[in-house]
Each structure stands twice: as structure tokens, then as C-alpha cells.
Amino acid sequence: MQTYTRAQVLGMAPDAAAAKAAPGQAVRARWRELGRDDDAVWGECQGSGASPYQCAAAFSDGATRCSCPSRKFPCKHALGLLLLLADGDVPPATRPDWVTEWLTARAARAERPARPAPAEGTGAPADPQAQARRAASRDRKVDAGVEELSRWLADLARGGLAAAQAQPWSWWDQMARRMIDAQARGLAGYVRRLAEIAATSGQRPDWPERMLDQLGALYLLCEAWTRRDAIPAPTADALRTRIGYTQSAADVSASGQRISDEWAVLGHRYSDDGQLRSLRQWLYGESTGTIVTYLAFAAGSMPLEPGLPPGLRTQATVVLYPGSLPHRALIADRADGGRPLGPLPGAPDWEQALSGAADLLAVDPWADVVPLAVREVTVLPPDVPAGGIPASPDPWQLRDRTGRAVPIASAPEVSWRLHALAAGRPIDVVGEWDGFACYPQAAAPAGGEGQLVA
Amino acid sequence: MTSQWSELVDAAVVGAGRAAAPQPAGPLASLRLSDAQDGAGLLAAAAAASRARRAGFRPPDMQARTAPEPADPDGRRTVGVAARRRLAELLAAGSTELLVEWVSVLGEGGMRPPDAHLPALLTAATYSESLRDALLPVLGPLAAWLAAANPAWSWAGAAPAASGGVAAAGPPDMDTWTTQSHRARRELLELARQTDPAAARELVAATWASDSHRDRAAFIAGLATGLGPDDEELLERAMKDTRGEVRRAAADLLARLPASRFAGRATERAASAVQVQRAITGRHLVVTPPADITDEMAGDCITGSPPAGTGRQAWVLQQIVAVAPASWWVQYAGLSPAQLLTMSTRTEWGTALRAGWSDAAIRDADAPWLAAFLDSPGAAPGVSEASLLSALPAAARDGWLRQHPDSVRFATLEEIPAPWSAALSEVVRSKIAAIVSADPGRSVESRRLLRLAALRLNPPAIAVLARGDEPPGPPAVAPGEAQIHPRLLESWASLLATLSVRAAIRRELAEEPAS
């Protein structure tokens with residue numbers, strides 16, 4: 001049977017409203033016929049209507065169903081049901097027919113795509129020629145996309161960043177859509193980030209630097225694609241991932257490198273843009289010293305895989321995706337529960353921490369968001385010189401033992417949290433580095449126990 | 001490298017069509033990038049230079065910036081991981097009532113708020129007075145340190161001098177007393193009166209001459225905490241104040257000191273205005289309101305301007321009756337409050353007498369008088385059951401409510417602050433058991449009652465109620481799920497959810513920190 005913690009369940013909520021409503025549903029008086037077995041948990045929930053809602057969740061992938069009219073997945077009833085499960089309030093029981101029917105229907109749907117490949121049983125790949133043809137056809141589409149994008153980029157560079165910055169959103173969006181048509185989602189992502197830099201230029205005086213940095217990376221991606229045969233393996237893998245070639249989780253778990261360790265969740269960021277929910281975690285292997293990133297996305301009715309419990313360290317086996325750095329990982333196997341975070345890892349100063357980032361760039365030159373860990377830094381609050389409001393006060397900074405400092409670009413609440421945690425004394429910090437500023441994710445009084453701060 | 005990069009950025013802003021892109025020098029020169037002076041050339045240079053900038057990035061030297069002095073250490077222990085996570089959830093959800101409770105339980109345990117969450121707590125408390133009142137006693141040196149850095153939290157700046165933890169509370173030094181804001185000084189006085197009333201009074205006396213009338217009135221009112229005979233001298237001084245609100249605040253407290261000269265004057269006046277006479281028909285009250293207001297009466301804040309609808313003489317009589325201590329009337333007349341109430345109905349001044357007695361009863365929290373008024377509803381016009389009950393000492397109030405389940409209503413209970421006693425919680429719990437299974441004819445009232453109870457029932461009642469939630473078997477007290485009226489199901493569920501969060505708050509804060 002699958003076990004969840006309350007935090008994990010609430011992490012699956014499609015939005016804040018559902019997360020807020022869920023605990024109110026996790027009350028036994030609301031439920032009848034509660035039960036669970038090895039595959040699922042179910043119950044009938046008394047809602048505002050006359051008849052109760054039938055609600056169930058499958059353990060295999062966290063999918064839920066509920067007869068309520070809500071279009072959220074999981075709905076508040078399903079979250080309430082999982083919260084009851086997390087609290088140990090659901091007894092083992094015999095599965096009712098409606099749950100069996102649902103699970104069977106799901107299993108049938110899951111198998112259908114596999115059916116066209118009966119050749120698998122013989123051990124040979126399904127029609128290798130057809131596969132090669134499909135791959136070549138996609139590569140040709142990407143070729144065309146890259147060529148179009150290169151011309152567009154050259155035009156942009158000729159016209160100048162100032163002119164590009166003044167372009168309407170649709171101008172960028174059109175190119176991003178062209179890249180999606182060319183099956184190069186990664187390139188589309190770059191174009192969208194450029195559009196974002198243009199749109200938020202009013203708040204970021206360093207926007208030309210950021211835009212040129214992204215343009216340089218994107219141009220390098222296009223150039224590298226045209227010479228992909230001459231590029232050594234690990235960088236070529238990174239190139240394909242950055243362009244938008246993905247690997248199925250099944251392929252990765254079959255052939256990827258596995259690492260078993262106690263993984264500390266040193267970063268946990270959830271976002272929801274209305275269409276897509278995403279989760280990014282930074283996982284640090286306590287004995288191997290490996291840092292990987294866990295990414296999960298869910299659109300519409302898909303459940304969001306919750307990752308490891310935030311703010312804890314959990315024994316787990318992860319499998320690395322080949323390609324971009326730091327490695328993306330999927331979680332193959334995890335133990336129940338977890339321990340609170342211990343002391344944080346970290347380099348003695350920024351320079352040594354950043355040299356780790358340079359090592360990543362040497363293999364994956366597009367590694368633009370990387371984790372940085374540094375010990376004993378001082379939090380510097382913004383300087384506002386007495387007697388006047390400066391044009392741009394020095395922002396929040398983290399200064400290391402050698403006196404060098406990087407700016408913090410997180411929301412002010414995060415900086416205040418760090419400031420309070422430090423109370424004027426050195427702290428250890430783990431954060432994301434985007435090449436310009438640091439976004440702290442976890443912190444600890446020097447040598448003390450870490451906690452998430454973002 | 002840095003200057004090369006910024007030259008390249010400058011060129012890129014205007015565009016390769018207008019300015020020639022600077023070609024990389026140094027190690028990057030060997031790359032022999034496209035020499036075309038066009039967009040592609042600029043992009044190739046940007047690709048190389050941007051990657052080089054990232055790989056070779058050295059943060060600037062910032063030794064010149066001054067770091068803040070460290071905050072004073074706080075010796076109190078802090079909370080474990082589960083409690084910290086709960087606090088973060090409550091802060092994110094903005095549940096002020098539960099935050100107040102979390103902070104109060106924290107303070108009872110002598111713990112400090114978790115450092116990293118203090119800024120969010122301070123921000124939440126800046127917008128909520130109830131949370132601020134709960135938070136102030138548990139703030140330590142870190143709060144003062146943060147308040148010094150953020151003007152929005154300046155209200156927290158005074159706290160550590162006064163508290164530094166609950167145990168260390170004592171009178172602030174004269175410097176702190178004279179330099180703080182009005183609000184902070186009121187809070188300092190309140191804390192100081194709780195531990196050392198005499199020293200606190202000395203503070204008020206020391207700055208009396210220089211404080212504003214607003215300060216003086218507030219500080220006199222603040223002496224209500226820990227009020228005693230030694231306060232008379234300062235209160236008499238306040239009775240000579242030029243401002244009416246200061247005099248009224250002092251008169252209110254002097255009336256609560258039965259041995260004071262003020263009370264002596266008040267009882268003399270009361271005795272001459274109201275007499276008990278024995279006749280063949282039994283005892284009765286003879287009421288003779290004074291013809292006019294003497295200087296002495298005016299000095300004791302008795303006014304001749306009645307509120308609309310009250311006659312002048314009745315108003316003067318009411319005030320004369322009210323300023324005498326409630327308990328004095330029983331001694332003076334040799335009659336119980338109930339007997340006095342009955343007799344008052346036989347004089348033409350009855351309404352004024354009862355209005356005065358009810359004022360005195362509520363001011364003095366006089367249990368026999370309050371009980372008498374509660375037992376004869378409507379005796380004092382305009383005085384609600386809720387205000388009588390909330391003046392009654394807790395034990396008497398809870399006992400009275402137990403005998404009068406019909407009075408267990410939202411309007412009454414709302415006046416009784418958390419935490420409720422075990423006895424009161426028991427009474428409310430029975431009431432809830434009765435209403436959730438019956439057809440709640442007044443379901444708005446029932447829903448409000450359930451919501452209030454969710455936040456104020458005390459811990460033992462939480463446990464028993466929560467057991468009522470458990471099928472199967474006969475429910476302990478509350479009805480089982482099947483018996484809950486559908487119109488109250490939603491409120492019932494959220495009652496249980498809130499109670500279980502409150503139980504969890506206590507459990508988590510009782511746990512030792514993980515290390």
C-alpha cells in the first residue's frame with residue numbers, strides 16, 4: 001500500500017483553494033464505506049448534494065476519480081480522502097465494484113498504446129526501419145526550425161535589443177509557436193524566456209545583459225545543432241535535451257544510472273500558471289554528494305507526482321536522465337518517512353562554489369540554472385544611505401568569508417527570513433544561481449540544521 | 001573580461017546594423033568567430049562571451065558594506081520541525097485565530113518563535129491587533145533587532161525590554177518608559193502591573209506632569225490591572241485633573257476601592273438618598289434624590305446632563321447609586337440583591353435604582369448582584385444578559401450557564417474569550433450535541449455557535465468531541481455521523497477539522513525539538 005504524508009497530499013492540490021478546502025473534507029463524519037487495499041483507496045463523501053460522491057485514488061500513479069462536478073484534479077474530496085489515508089484513518093476493506101470497474105478501465109486504457117507493438121515479445125525492437133524513418137523525419141523538422149530561428153535571431157541582433165524589447169508579446173509568441181511546430185519545445189522555451197525578459201525590463205535594469213546572455217545561449221544551441229555529429233557524447237546529450245528531445249520515464253528507468261542514497265530536499269518550488277502545474281526539487285545525496293533536480297509537470301486532470309517530502313531527507317533510489325546538467329532524476333524507489341534536514345553542504349566561499357558551476361558549463365554550456373551551496377555567509381540588508389533615497393540601493397546580498405558578495409533576487413519575504421535566521425551571524429545557504437543572482441532555497445545557522453526558506 | 005562583456009552588451013542594444021560588434025580579445029580571440037559585421041557575428045561573440053562570463057564569474061568585493069551587529073542571543077528553546085511546519089501553514093492560510101492560539105501555547109511553554117518565521121509573524125501581527133497582543137509577550141531580542149531594521153515592525157521594538165520571555169517580565173527602566181510610543185507604553189504598563197504594581201504606579205507618577213491627557217487617561221485606566229488601596233493617592237491626584245476623561249477613568253477605579261475616601265463619600269450620598277424603612281406592611285425603600293448637584297458631587301464626576309429619555313433627577317440618582325460599591329448596598333440595607341430588586345418595583349424611582357445597581361454590579365463584578373439580575377431578566381433596561389454574564393466571575397458564570405442551557409447562545413458565548421474552562425466547554429458541548437442532531441430551526445445561529453466553539457472549546461472537550469466522530473459504537477457524547485442534521489454537516493465537519501488542528505498545535509508544541 002502506498003503511504004503519503006499530509007504535506008505530500010497537499011502538494012498534489014491543483015490550486016491553493018483546493019489545498020485550503022481539503023482538510024475540511026478529511027473528516028470521518030463526512031465519509032461512508034471508507035476502505036483501502038494494495039491498489040487503491042476509496043470512500044463515499046457527503047457533499048452539498050443529496051447523494052454522496054464516490055471518490056477513489058489509485059496508488060499506481062496517484063490518479064483520482066470523483067463523481068462530484070468539480071473540474072479540478074484531484075478535487076478537494078480526493079485530497080480529503082488521501083489526507084484521511086495519510087492520518088491512518090482508512091481501514092483495509094474489500095474493494096467495492098465501482099472501484100474495481102474504474103481500475104480495470106484505467107488498466108485497459110493504459111495498455112492500448114502498447115498494443116501496436118506486439119513484436120516486443122520477440123525481443124526485437126518494433127520495426128527498426130520505421131523508427132529510424134520517424135527519427136529522421138523529426139530531425140528534418142528540427143533542422144528547418146533551427147534554420148528559421150537562426151535567421152530570426154540574426155535579424156534581431158541586427159536591429160538591436162532595444163528594438164526587440166519594444167516588440168509586442170505576439171511577435172515573440174509567434175516564433176515560439178513556430179518552434180513548437182518544429183517539434184523543438186526547448187527552443188520555444190528560450191524564445192518565451194526572451195519575451196519575459198523584454199516584458200519585465202522595467203523592473204530589471206540589467207535586462208540587456210540577461211537578454212544577450214539568453215541570445216548567446218540560444219545561438220550556440222542553433223550552431224551546435226548544425227554540427228551535432230562533431231560534438232562529443234555528454235554534450236550532445238545535453239544539446240538534444242535542450243532542443244526539446246525528451247526521453248520517456250520508462251526508458252530512463254530501464255537504462256539510466258541509478259543512485260541510492262539518503263536524499264535531502266534542499267529546494268522545493270511549486271508553480272501553477274493556470275494551465276500547467278510544475279514542481280522542481282533540488283535533491284542532495286548525503287553520502288554521494290550528488291545534486292540532482294526533480295521535475296514534475298501536470299496539465300489538466302493529470303496528478304502531479306509529489307517528489308520527496310520537502311524539508312526532510314529520505315532514503316531513495318533515483319535514476320538519472322542523460323543530457324542536461326545538473327542531472328534531472330526520477331524517483332524509482334523510496335522509503336517511508338524521513339528525517340529532518342541535517343547540516344547543509346557547501347563550499348567555503350563563492351569562488352569555489354561557482355567553480356562547480358563552471359564544471360557543469362564545460363559539459364553542458366546551456367546550464368543556466370545551477371545549485372550553489374556556500375557556508376558561513378553574512379546577510380547584508382539593502383543599504384539606504386541616510387538623508388536620501390538612492391536611485392538603486394544596494395540590494396540584499398550574501399557576503400562570504402573573503403568579502404565577495406552575490407545579490408539575492410528572491411521575493412523580499414525570503415530575504416527577511418534569511419536575515420532573521422542569521423540574526424547578524426553567519427549562515428550556510430543553498431540556492432539557485434541563474435548567472436546573475438542567487439535565489440536561496442535552504443539555509444541553516446552556520447553548521448546547524450537546515451530548513452527550507454523559499 | 002567584464003569590460004568586454006559590457007561593451008558587447010552596449011553594441012547589442014543598438015544592434016549590429018548600426019554599431020560594429022567588438023570582436024573578442026584575449027583567450028576568446030583564438031576562437032576565430034565569424035568576422036561578418038552582422039547579426040550572426042554579434043551572436044557568435046555573445047555566445048562565446050556569455051558562456052565565458054558565466055564560467056569565470058567572480059562576485060564583486062563588498063567588504064566596504066557594513067554588516068548589521070548581531071542580535072542578542074535568546075536563551076529560550078525553540079520549536080520542533082512539525083510545529084514549525086504548522087506555523088508556516090497557518091501563516092500561509094492567514095488563520096488569525098489559530099495563529100493567536102499557536103503563539104499563546106508557545107508562550108505557555110516558555111519557548112521562542114522559530115527565527116526564520118519571525119518576519120512573517122511580525123507582518124501578520126502588524127495587521128491584526130489580537131495577534132499582536134498575543135505575540136508581544138513572546139517576543140525576544142531578535143524581534144527588537146528586526147524591528148530596528150524595518151519601520152513597519154516598530155511596534156515590536158519595545159517588547160524585549162518588557163518581556164525577554166514571560167518569566168523575565170518586570171517594570172521597564174525609566175529610559176524605556178519615557179522614550180516609547182503611546183501604544184508601547186500602555187503595553188509596558190500592563191505587563192509591569194502584572195508583576196510589580198507599585199513599581200508600575202511609580203512610573204506613571206514620575207511622568208504625570210509631562211504626559212499628555214491622552215496618556216494620563218490611558219495610564220489611569222491601565223491601573224485596573226493589580227488595583228489596590230495603595231493606588232488611592234495617585235487616583236485622587238487624577239481626580240483633580242483638568243481633563244474630564246482623566247477624572248472619569250480615576251473615579252471608575254476609586255469606586256472599586258471600598259476603603260477609599262471616594263467610596264466613603266459615595267456611600268454617604270447613597271445612604272441619604274435611599275433609606276430602608278420598616279412599616280407594618282414590611283420593609284420598603286424611601287427614595288429622596290438630591291435637589292441639586294453639590295460641588296463635592298461634581299468633583300466625583302456626577303453630572304447633571306442626562307442621556308435622552310432620562311429625567312435629570314433620575315439620572316443623578318442613578319449615578320449616586322452606581323458609584324457606591326455594589327456589595328455595600330447589601331450590608332447597608334440588610335437585604336439580598338433579589339430582595340432589593342423586588343422592593344425597587346414598588347417605588348417610582350425603581351428604574352433609576354436598578355440602572356445604578358446594574359452599573360455597580362458590572363463594574364465590581366459582584367457575583368450576588370449579577371446573579372440576581374440574571375435571574376430577573378429585564379430588571380435593568382438596556383443591560384444584556386451577555387454583558388452581565390461576561391462580568392460574572394468565570395466559575396459562577398459557567399455554573400449559571402449550566403443551569404440555563406437556553407442561554408448558551410452565540411451572542412453570550414462570543415463575549416467569553418478563549419480559553420474556555422473545562423466546565424464551560426462541557427456545557428457548550430452538551431448544547432452542540434443537542435443542536436446538531438435536532439432540526440436546527442435557527443441554523444444560522446447554530447452555525448455561528450459551532451464556528452465559535454471550534455475556536456474556543458478547551459482541550460479536554462476537543463478529545464471527547466472528536467471521539468464522537470468515530471463510528472462505530474454509541475458515540476461518546478455527540479451524535480454519530482448518521483444523526484447530524486444535513487444542514488449542519490458542513491459546519492460540523494469544519495468544527496472537527498478545526499478542533500483537530502488545535503489539538504495538533506498543542507501536541508506539536510509539546511514535542512521536544514528534533515536535535
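Nothing in this text is a laboratory measurement; each read-out follows from the coordinates by a stated rule. Computed from a prediction, not measured in an experiment: that's the story for all the values here. So basically every Cβ, Gly included, is an ideal-geometry build from the backbone, and we count neighbours across all protein chains shown.
Classify the range B:262-390 from the C-alpha gyration tensor, please: rounded if a/c falls under 1.5, else prolate or oblate depending on whether a/b exceeds b/c.
Judged from the Cα gyration tensor, the range B:262-390 comes out rounded (a/c under 1.5).
Taking the Cα centre of chain B as origin and charging only Cβ (+1 Lys, Arg; -1 Asp, Glu), how large is the dipole, in debye to the nearest 20?
780
Which one of A:Ser260, A:Ser287, A:Leu330 has its Cα pushed farthest toward the positive end of the charge dipole of the range A:249-340, where Lys and Arg give +1 and Asp and Glu give -1 at the Cβ?
My answer, from the dipole projection, is A:Ser287.
Rounding to the nearest 20 debye, state how big the charge dipole of the range B:14-149 is about its Cα centre with +1 on each Lys and Arg Cβ and -1 on each Asp and Glu Cβ.
760
Can you give me the angle between helix B:489-510 and the longest principal axis of chain B, using Cα atoms only, in degrees from 0 to 90, rounded to the nearest 10?
Between helix and principal axis, roughly 70 degrees.
Treating only the Cβ of Lys, Arg, Asp and Glu as charged (+1, +1, -1, -1), what charge dipole size does the protein assembly as shown show about its Cα centre? Round to the nearest 20 debye.
Roughly 1600 debye, rounded to the nearest 20.
Residue by residue through A:20-31, how many Cβ atoms from other chains fall within 10 Å of the Cβ on average?
Mean number of neighbouring Cβ atoms from other chains: 6.
Please name which of B:Ala279, B:Ile293, B:Ala333 has its Cα lying farthest along the dipole of the range B:262-390 towards the positive end, using unit charges on Cβ (Lys, Arg +1; Asp, Glu -1) and the Cα centre as origin.
Selected residue: B:Ala279.
Please compute one quarter of the surface area of the Cα convex hull for the protein assembly as shown and express it in square nanometres.
Mean shadow area of the hull around the Cα atoms is 50.0 nm².
Can you give the Rg to Rh ratio of chain A, both from alpha-carbon atoms, with Rh computed by the Kirkwood formula? Could you put the intermediate results ahead of the total?
Working: Rg = 24.6 Å, Rh = 24.8 Å.
Across chain A, the Cα-based Rg/Rh ratio is 0.99.
Size of the range A:194-349 along its principal axes in angstrom, Cα-based, largest extent first?
Taking the Cα atoms of the range A:194-349, the three principal extents are 45, 45, 41 Å.
Looking only at other chains, what is the average number of their beta-carbon atoms within 10 angstrom of each beta-carbon in B:110-123?
The mean count of partner-chain Cβ atoms within 10 Å per residue comes to 4.
Straight distance only, please: which lysines reach the Cα of A:Lys72 with their own Cα at less than 18 Å, same-chain residues fewer than 8 apart left out?
Within reach: A:Lys20.
Span-like helices, chain A: DSSP H, alpha-carbon axial extent 20 Å or more, mean Kyte-Doolittle 0.0 or greater, which ones? Don't skip to the end; give the middle numbers.
Numbers: long enough: A:97-111 (21 Å, -0.50); A:128-159 (46 Å, -0.87); A:185-199 (21 Å, 0.29); A:207-226 (29 Å, 0.13); A:350-363 (21 Å, 0.73).
Taking the DSSP H segments of chain A (at least 20 Å long, mean hydropathy at least 0.0), we get A:185-199, A:207-226, A:350-363.
What average number of partner chain Cβ atoms lie no more than 10 Å from the Cβ of the residues making up A:396-406?
Partner-chain Cβ atoms within 10 Å, mean over residues of A:396-406: 4.
Given the Cα atoms of the range A:299-344, and with Rh set as the inverse mean 1/r over their pairs in the Kirkwood sense, what is Rg to Rh to two decimals?
Here the Rg-to-Rh quotient is 1.03.
What number, in percent, do you get for the relative contact order of chain A if the mean sequence gap of Cα pairs under 8 Å and at least 6 apart is divided by its residue count?
11
Please report the Cα spread of the range A:130-242 along all three principal axes, rounded to whole Å, starting with the longest.
Result for the range A:130-242: principal-axis Cα extents of 50, 27, 22 Å.
In the range B:285-331, if every C-alpha pair distance is counted and binned at 5 Å from zero, what percent goes to each bin?
4, 20, 28, 25, 16, 6, 0
Rounded, prolate or oblate, given the Cα gyration tensor of the range A:249-340, with a/c below 1.5 counting as rounded?
Note, shape of the range A:249-340 comes out oblate.
Could you give the angle, 0 to 90 degrees to the nearest 10, between helix B:443-456's Cα long axis and the longest principal axis of the Cα atoms of chain B?
70
Whole number please: convex hull volume per residue of the Cα set in the range A:18-71, in Å³? Each step should come with its number before you reach the end.
Working: hull volume 4.8 nm³, N = 54.
Taking the convex hull of the Cα positions in the range A:18-71, it is 90 Å³ per residue.
Roughly what angle does helix B:459-468 make with the longest principal axis of chain B, taking Cα atoms, 0 to 90 degrees, to the nearest 10?
80
Quick check: from the Cα gyration tensor, does chain B come out rounded (a/c under 1.5), prolate or oblate? Don't skip to the end; give the middle numbers.
Working: a/c = 3.08, a/b = 1.88, b/c = 1.64.
In terms of gyration-tensor shape, prolate.
Averaged over all directions, how much area does the convex hull of the C-alpha atoms of the range B:81-254 cover when projected, in nm²?
Averaging across all directions leaves 10.3 nm² for the Cα convex hull.
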